[in-house]
Amino acid sequence: MFEHTELFERGVGSTTDIVEKEMYTFKDRGGRLITLRPEGTAPAVRAFVEHGLAGRPLPAKLYYMGPMFRYERPQAGRYRQFHQFGMEVIGAAGPEADAEVIAMPLEIFRAMGIQDVVVNLNSIGCPVCKPAYRERLRDAYAPVLDRLCTSCKSRYDRNPLRLLDCKSEECRAALPEPPTIFAQLCPECSAHFDALRRLLDKLGVGYVINPRLVRGLDYYTKTTFEYNVGGIGSQDAIGGGGRYDGLVEECGGPPTPGVGVACGMERCVLAAQANAADQEYQAGLDVFIVSLGDAAREKAFEMAHSMRRAGLAVDFDMIGRGLKAQMRYADKMRARFVAIIGDDELAAGEATVKDMSTGEQKRIAQAELATCVRRL
Ligand code: HAM
């Protein structure tokens with residue numbers, strides 16, 4: 001949950017918003033400077049190095065999920081504690097790794113019912129070609145330098161790429177359309193980007209090339225990408241990632257390439273809810289057991305437990321409601337089926353099963369209930 005502050009300063013980068021403005025940093029009782037993790041990639045790489053994974057079969061494919069912390073201005077979709085799920089592929093330099101990492105969350109979004117995800121894609125080059133691009137950016141921005149925000153003024157010399165994703169209104173208005181990096185990419189970066197595009201085409205993954213997509217973290221090399229959706233307000237990036245070929249070495253490991261992605265769970269939930277109108281996705285009970293009388297309630301208790309063991313979502317009345325109230329409750333819990341146990345059913349070892357969507361009813365042996373509900 002927390003790391004030495006230095007990990008993020010070195011890994012995420014000292015000119016980023018995260019490190020300059022958003023980290024929860026404090027001293028522990030031993031006087032060590034520690035930081036609540038604002039993201040999971042630098043920690044994953046730290047763990048990769050610390051536990052000697054570089055000496056194990058590569059690529060290492062790692063995942064994580066959990067809370068992250070950033071001191072940002074809270075608003076819809078942006079919180080100071082939020083949750084990510086992320087994955088990192090460490091030890092694979094080829095574009096197949098980038099393509100897999102970009103494609104995999106799209107399957108998760110689909111399973112969550114999130115529609116119309118736009119994949120924004122860019123390359124930001126490597127230590128060979130980035131310096132020339134930085135120079136071109138400095139040239140392009142020099143004439144407007146005095147109109148930029150204080151952060152951008154201080155980052156102009158140290159890391160002009162940061163100016164591309166400054167969120168301040170004054171900078172957005174003042175900055176001219178930036179030169180794109182594509183003319184500057186070295187042959188290797190250029191070939192990597194072309195190959196990645198071909199692989200995404202093969203997978204049928206559509207994307208938009210967005211030359212401004214430098215992302216808010218300094219560890220990236222070559223590929224950067226982000227997933228955006230409509231209908232959830234201004235915080236519309238539900239995930240993002242990229243390649244970080246220098247990070248393992250920066251964290252004290254052997255030179256090892258890496259690429260990964262992380263998605264914001266709260267934003268995914270917002271996006272799934274925004275799509276929910278056209279969806280039938282509503283978790284509910286498979287069966288609610290309605291029981292009439294003490295003996296029937298004891299039977300219901302027993303049946304609920306055995307049906308749960310069979311993998312069904314089952315509940316029963318444990319507060320002594322009447323028949324009507326139990327039926328109303330089953331409806332509120334969106335039960336697919338109701339199994340009624342009265343005196344008759346109890347004596348016969350059966351239950352009256354009602355399909356809540358059609359209203360159809362029939363008597364079934366209690367022992368057959370789980371199998372029968374599964375089949376239905
Ligand atoms: P990131 O773009 O900073 O990337 O964060 C990933 C996702 O986390 C965002 O797209 C967003 O959905 C969510 N997120 C970020 N900040 C907040 C916030 N304050 N409130 C709610 N959700 C938020 C990274 O963190 C990189 N570690 C991704 C990565 C993995 N790159 C390589 N591997």
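Which members of the range 354-376 meet the condition of being among the small types (G, A, S) and either part of a helix (DSSP H, G or I) or out of contact with any Gly (no Cβ under 7 Å at 6 or more places or on another chain) (or both)?
Within the range 354-376, S357, G359, A367, A370 qualify.
Looking at (1) surrounded by 22 or more Cβ atoms within 10 Å (Cβ to Cβ); (2) of a type outside the set (D, E, K, R); (3) not assigned by TED's automatic domain parsing to the domain that holds V117, find the lone condition where C268 falls short.
Of the numbered conditions (1) surrounded by 22 or more Cβ atoms within 10 Å (Cβ to Cβ); (2) of a type outside the set (D, E, K, R); (3) not assigned by TED's automatic domain parsing to the domain that holds V117, the odd one out for C268 is (3).
Inspect all residues belonging to the range 133-140 and state whether any of them is under 29 Å from D245 (Cβ atoms), outside any helix (DSSP H, G or I) and not assigned by TED's automatic domain parsing to the domain that holds S190.
No, there is no match, as no residue in the range 133-140 is under 29 Å from D245 (Cβ atoms), outside any helix (DSSP H, G or I) and not assigned by TED's automatic domain parsing to the domain that holds S190.
If you go through the range 185-196, how many residues are in contact (Cβ under 8 Å) with a residue 40 or more places away in the chain and loosely packed, with under 15 Cβ neighbours inside 10 Å?
Count: 1.
Yes or no: G40 modelled with pLDDT under 95, of a type in the set (G, A, S) and surrounded by 21 or more Cβ atoms within 10 Å (Cβ to Cβ)?
no
Filter the range 277-306 down to the residues that are of a type in the set (A, V, I, L, M, F, W, C), outside any loop (DSSP other than H, G, I, E, B) and within 33 Å of the chain's Cα centre (by Cα), then identify the one that is modelled with the lowest pLDDT. Steps first, answer last, please.
Keep residues of the range 277-306 that are of a type in the set (A, V, I, L, M, F, W, C), which gives 277, 283, 285, 287-290, 292, 295-296, 300-301, 303-304.
Pick out the ones that are also outside any loop (DSSP other than H, G, I, E, B) and you get 277, 287-290, 295-296, 300-301, 303-304.
From what's left, within 33 Å of the chain's Cα centre (by Cα): 277, 287.
Working: A277: 60, V287: 97.
The extreme case among them is A277.
For the range 38-75, which positions are more than 19 Å from A262 (Cα to Cα) and among the aliphatic types (A, V, I, L, M)? Please lay out each step first, then the result.
Filtering the range 38-75 down to residues more than 19 Å from A262 (Cα to Cα) leaves 49-58, 73-75.
Those that are more than 19 Å from A262 (Cα to Cα) and among the aliphatic types (A, V, I, L, M): V49, L53, A54, L58.
When the residues of the range 314-326 are narrowed to those that are touching a residue at least 24 places away in the same chain (Cβ under 8 Å) and touching a helix residue (DSSP H, G or I) at 6+ places or on another chain (Cβ under 9 Å), which ends up surrounded by the fewest Cβ atoms within 10 Å (Cβ to Cβ)?
Taking the range 314-326 as the starting set, the residues that turn out to be touching a residue at least 24 places away in the same chain (Cβ under 8 Å) are 314-317, 323, 326.
Those still in the list that are touching a helix residue (DSSP H, G or I) at 6+ places or on another chain (Cβ under 9 Å) too: 314-317.
Working: V314: 25, D315: 17, F316: 23, D317: 21.
Result: D315.
Which helices (runs of 4 or more DSSP H) does the range 165-258 wholly contain that include 3 or more residues that are within 16 Å of the ligand (Cβ to nearest atom), on the phi > 0 side of the Ramachandran plot and polar (S, T, N, Q)?
none
Residue by residue, here is whether (1) within 15 Å of the ligand (Cβ to nearest atom); (2) among the small types (G, A, S); (3) closer than 19 Å to S151 by Cβ holds:
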position: F2; (1), (2), (3): no, no, no
position: V12; (1), (2), (3): yes, no, yes
position: D17; (1), (2), (3): yes, no, yes
position: E20; (1), (2), (3): yes, no, yes
position: I34; (1), (2), (3): no, no, no
position: R37; (1), (2), (3): yes, no, no
position: G40; (1), (2), (3): yes, yes, no
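Within the range 39-56, restricting attention to residues that are under 17 Å from the mean Cα position of the chain (by Cα) and assigned to a loop (DSSP other than H, G, I, E, B), which residue is nearest to R80 (Cα to Cα)? Lay out the reasoning, then the answer.
First pass over the range 39-56, keeping only residues under 17 Å from the mean Cα position of the chain (by Cα): 39-44.
Narrowing the set further to residues that are assigned to a loop (DSSP other than H, G, I, E, B) leaves 39-40.
Details: E39: 12, G40: 15 Å.
It comes out as E39.
Can you confirm whether V269 is of a type outside the set (K, R) and touching a strand residue (DSSP E or B) at 6+ places or on another chain (Cβ under 9 Å)?
Judged against the criteria, V269 is not a match.
Hey, does the range 116-130 have a residue that's within 18 Å of L203 (Cβ to Cβ), modelled with pLDDT under 95 and surrounded by fewer than 21 Cβ atoms within 10 Å (Cβ to Cβ)?
The answer is yes, given that some residue of the range 116-130 is within 18 Å of L203 (Cβ to Cβ), modelled with pLDDT under 95 and surrounded by fewer than 21 Cβ atoms within 10 Å (Cβ to Cβ).
In the range 43-64, is there at least one residue being within 12 Å of the ligand (Cβ to nearest atom), surrounded by 14 or more Cβ atoms within 10 Å (Cβ to Cβ) and either on the phi > 0 side of the Ramachandran plot or of a type in the set (D, E) (or both)?
There is no residue in the range 43-64 that is within 12 Å of the ligand (Cβ to nearest atom), surrounded by 14 or more Cβ atoms within 10 Å (Cβ to Cβ) and either on the phi > 0 side of the Ramachandran plot or of a type in the set (D, E) (or both).
Does A97 satisfy the condition of being in contact (Cβ under 8 Å) with a residue 60 or more places away in the chain and within 16 Å of the ligand (Cβ to nearest atom)?
Yes, satisfied.
Quick one: what pairs do we get from the range 126-153, first residue more than 30 Å from P257 (Cβ to Cβ), second polar (S, T, N, Q), C-beta under 6 Å, 6+ apart or different chains?
C149/S168
Within the range 74-90, can you find the residues that are more than 21 Å from V229 (Cβ to Cβ) and surrounded by fewer than 20 Cβ atoms within 10 Å (Cβ to Cβ)?
Correct list: R80, Q81.
The values are calculated or read from the model by the stated rules, or taken from the named source; none is laboratory data. Since the structure is predicted, the reported quantities are computational estimates derived from the model, not experimental observations. Because the Cβ atoms are built from the backbone with ideal geometry, glycine has one as well, and the counts that use them run over all protein chains shown.
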